[in-house]
Amino acid sequence: MTTAEEGHAGVWDQVKLGKIYISGGHDYWGRQGAGRLQNGIRDVEEVECVAGKGLVGDRYFGYRQDFKGQVTFFEEEVVEEIRAHFKLPKLPASVFRRNLIVSGVRLGEWLGKRFVFQGVEFEGSQECRPCHWMDRVVEDGTERFMKEGFRGGLRAKVISGGLLRVRS
């Protein structure tokens, strides 16, 4: 587990949580070729994390035992790269439907590791691979662009519960 107390660089102490998004349902789950399901996404200032279940109020909360995607982290820096690459300066981070928009960390480095963020313990379980829906909600080529360099984000399990708050 990586924490500042264990003498590591304390990377997660320097990470900023800029946005928290939750959604009560899927917008595109298993519906290739079909339209959106119209389950909006909410921008919240804080969210409760429950060990083994995920984020209270989110579509993946309690989805199934040992689910790798109880929460998704996404780098603000990647949002900025996508905005610049596709010339969409006002593209909202919410279109990616990731839960926690963070800055100051390269998420690929935390795959397979436990870490503590704002007092909550997580385990980086899987890359959050982008799908073809990224081309629909952003622009053609977005899925391919996000597949390079771990740009899709990090899926994680909640190991210990607690409250996360936006801190930019």
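PHE115 falls short of the stated requirement of being open to solvent by less than 40 Å² (accessible area, probe 1.4 Å), in contact with a Leu (Cβ under 9 Å, 6 or more places away or on another chain), in a strand (DSSP E or B) and at pLDDT 95 or above. Exactly one of these conditions fails for GLY149: (1) exposed (fewer than 15 other Cβ atoms within 10 Å of the Cβ); (2) at pLDDT below 95; (3) in contact with a helix residue (DSSP H, G or I) (Cβ under 8 Å, 6 or more places away or on another chain); (4) within 18 Å of LYS19 (Cβ to Cβ). Give me its number. Only one criterion in (1) exposed (fewer than 15 other Cβ atoms within 10 Å of the Cβ); (2) at pLDDT below 95; (3) in contact with a helix residue (DSSP H, G or I) (Cβ under 8 Å, 6 or more places away or on another chain); (4) within 18 Å of LYS19 (Cβ to Cβ) is unmet by GLY149, namely (4). Note on region 77-90: among residues that are touching a residue at least 40 places away in the same chain (Cβ under 8 Å) and crowded, with 18+ Cβ neighbours inside 10 Å, the one that is nearest to MET134 (Cα to Cα) is ILE82. Residue-level check: of (1) open to solvent by less than 10 Å² (accessible area, probe 1.4 Å); (2) within 13 Å of the chain's Cα centre (by Cα), GLN126 misses just (1).
If you filter region 129-146 down to residues that are assigned to a loop (DSSP other than H, G, I, E, B) and open to solvent by 40 Å² or more (accessible area, probe 1.4 Å), you find that the one that is farthest from ARG98 (Cα to Cα) is ASP140.
The values are calculated or read from the model by the stated rules, or taken from the named source; none is laboratory data. Every value quoted in this text rests on a predicted model; they were computed, and no experiment measured them. Don't worry about glycine lacking a Cβ; one is built from the backbone with ideal geometry, like all the others, and counts go over all protein chains shown. Accessible surface areas use protein heavy atoms only, side chains included; no ligands, DNA or RNA. Shrake-Rupley method; radii C 1.70, N 1.55, O 1.52, S 1.80 Å.
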